[in-house]
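Q: The structure that follows is given in the form of structure tokens.
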Amino acid sequence: MKAHILQLNPILIPAINEQLAALYTVHKFYELADQKAWLTEHGASVAAVITGGHTGISQALLEQLPALKVVAVNGVGTDAVDLAYCRGRGLPVTATLGALTEDVADLAIGLLIAACRNLCAGDRFVRDGQWELNPQPSATALARRFSGMRVGIVGMGRVGRAVAVRAAAFGCPISYTDLRPMEDIAHRFVPHLIDLARDCDALVLCAAADSAEGIVNAAVLEALGPRGFLVNVARGRLVNEADLTAALVAGRIAGAGLDVFVDEPRVPLALRESDAVTLQAHRASATWETRTAMGEMVLAGIAQALAGQRPTMSLTT
Ligand code: 8YV
């Protein structure tokens, strides 16, 4: 008999879905009309959960899955999973470590260039026929150069390091903050976020959000200043979104490139209306290449756990 898998988020790669369906009985939780009734009837038969980094899984749901052998996170962020609880239960929680690093770093640089060069406003200007109506060169504002910008990276993990490699190739002096300096990194370490913000032109958030809620607040944005840009490819809740919105509207920072938000998919209207902001729908890892690699890691983690082995990518066992 095939093992039962509870899937909390869709997987977008057909080949991965085919493999899952061939090996397991997959229940798509997000499609169930009555999730509560389904859990009462079938919760005890679920052997594995697949979830997204942003979605995670609540402790209440975990408690309704007594036969669970693995939580496979199709992502790297595990801030929405209670790892201590899973550790206590001896439950492996796997993540797709390393699979999405390059894509997320690519998007961080893309968002930064888009924000400081006004790419989206420029695109709209041409697309809406405004160029023909306003052919004078002064009709679009001059932008800000990216090459050589002082880039401050918040969180020097895999993604932060990959952003540093890319920014360095653009001649950007790099500094960073993290819980502690990294011995293998030559870039300047700045212990306090507010000092990093003051010393850089662009702050790029690459940190885990586990205990860093709202670290980018009004004071940090004030320190970043009216010529400063903020990029977030990590988690929305690293930023106090009300403070960010107020700072953008008042011109206290120059612009932002955001892939993640506090209450996805809801994005504050003021952000959506601002030409100083480039927005993405939490899709930094959403390429065929990365999502395929992530799906394969999810499959591998589940296969290992159900075979009674410790999954290679387990963070809790
Ligand atoms: C994933 C994410 O793409 O890795 C993470 O933590 O938030 C995203 O980049 C998402 O989990 C896909 O399900």
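Q: Condition test on ILE185, is it surrounded by 14 or more Cβ atoms within 10 Å (Cβ to Cβ), in a loop (DSSP other than H, G, I, E, B) and not small (Gly, Ala, Ser)? Can you show your working first?
A: Numbers: surrounded by 14 or more Cβ atoms within 10 Å (Cβ to Cβ): yes; in a loop (DSSP other than H, G, I, E, B): yes; not small (Gly, Ala, Ser): yes.
For ILE185, the condition - surrounded by 14 or more Cβ atoms within 10 Å (Cβ to Cβ), in a loop (DSSP other than H, G, I, E, B) and not small (Gly, Ala, Ser) - is met.
Q: I would also like to ask the following. Tell me which helices (runs of 4 or more DSSP H) are completely within the stretch 217-317 and hold 3 or more residues being surrounded by 15 or more Cβ atoms within 10 Å (Cβ to Cβ), within 12 Å of the ligand (Cβ to nearest atom) and not assigned by TED's automatic domain parsing to the domain that holds ASP201, or say none if there are none.
A: Those helices (runs of 4 or more DSSP H) span 288-306.
Q: Among the numbered conditions (1) of a type outside the set (A, V, I, L, M, F, W, C); (2) within 16 Å of the ligand (Cβ to nearest atom); (3) in a loop (DSSP other than H, G, I, E, B); (4) on the phi < 0 side of the Ramachandran plot, tell me where PRO66 comes up short.
A: (2)
Q: Can you name the helices (runs of 4 or more DSSP H) wholly within the stretch 76-167 that have at least 1 residues being touching a residue at least 40 places away in the same chain (Cβ under 8 Å)? Outline the logic, then answer.
A: Values: elements: 83-88, 101-116, 119-127, 130-133.
Of the helices (runs of 4 or more DSSP H) lying wholly inside the stretch 76-167, those with at least 1 residues that are touching a residue at least 40 places away in the same chain (Cβ under 8 Å) span 83-88, 101-116, 119-127.
Q: Something else now. Is there any pair with a first residue in the stretch 251-280 that is farther than 20 Å from VAL204 by Cα and a second that is not in a strand (DSSP E or B) whose Cβ atoms are under 7 Å apart and which are 6 or more apart or on different chains, and what are they?
A: PRO265/ALA281; PRO268/GLU241; PRO268/THR245; ALA270/THR245; ALA270/VAL249
Q: Name the residue that is nearest to the ligand (Cβ to nearest atom), counting only residues in the stretch 29-63 that are part of a loop (DSSP other than H, G, I, E, B) and under 17 Å from the mean Cα position of the chain (by Cα). Spell out the reasoning first.
A: First pass over the stretch 29-63, keeping only residues part of a loop (DSSP other than H, G, I, E, B): 32-34, 53-56, 58.
From what is left, the residues that are under 17 Å from the mean Cα position of the chain (by Cα) are 53-56.
Details: GLY53: 2, HIS54: 4, THR55: 7, GLY56: 9 Å.
Selected residue: GLY53.
Q: Quick one: how many residues across the stretch 199-216 are among the acidic types (Asp, Glu) and either within 25 Å of GLY148 (Cα to Cα) or crowded, with 24+ Cβ neighbours inside 10 Å (or both)? Before you say what the answer is, go through the steps one by one.
A: As a first pass, look at the stretch 199-216 and keep what is among the acidic types (Asp, Glu): 199, 201, 210, 213.
Next cut, either within 25 Å of GLY148 (Cα to Cα) or crowded, with 24+ Cβ neighbours inside 10 Å (or both) only: 199, 201.
Total meeting the criteria: 2.
Q: Condition test on PRO92, is it surrounded by fewer than 19 Cβ atoms within 10 Å (Cβ to Cβ) and not aliphatic (A, V, I, L, M)?
A: Taking the combined requirement at face value, the residue does not satisfy it.
The values are calculated or read from the model by the stated rules, or taken from the named source; none is laboratory data. Everything numeric in this text was worked out from a predicted model, so none of it was measured. Here the Cβ is made from the backbone with ideal geometry for all residues, glycine too, and neighbour counts use every protein chain on show.
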